[in-house]
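None of the figures in this text is laboratory data; all of them are computed from the coordinates on show. Worth saying up front: this structure is predicted, and the values here are computed from it rather than measured. Glycine gets a Cβ as well: all are built from the backbone with ideal geometry, and neighbour counts include every protein chain shown.
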Amino acid sequence: VVYRVRLPDTYPMHPYEVEAIIGHRLLGRKTGNRRQFLVRWAGYGPADDSWISEYDLRNAPEVK
């Protein structure tokens, strides 16, 4: 599954394309049981993978 992240036009940096969601985790009760996804960015390697909240991926359409 590949996702493309759309950032607002006012966002101060280039939009990055998500190559793959390679993991997920659920944060604890103190943080409101939020889900995060480990994202592999297109054109970058594993050292650049980052945890992104479900909220921040809310506008990312699924690419088949």
If I stretch the segment between Val2 and Glu17 completely, what's the gain in nm (0.36 nm per residue apart, minus their alpha carbon distance), one decimal?
4.5 nm
Pair Arg25, Ser53: separation of 7 Å Cα→Cβ label points (nm):
1.6 nm
Given 34-41, 48-55, the highest-first ranking by average Cβ count within 10 Å works out to 34-41, 48-55
Near Arg40, within a Cβ-to-Cβ distance under 9 Å, what is the net charge of the other residues, with Lys and Arg +1 and Asp and Glu -1?
-3
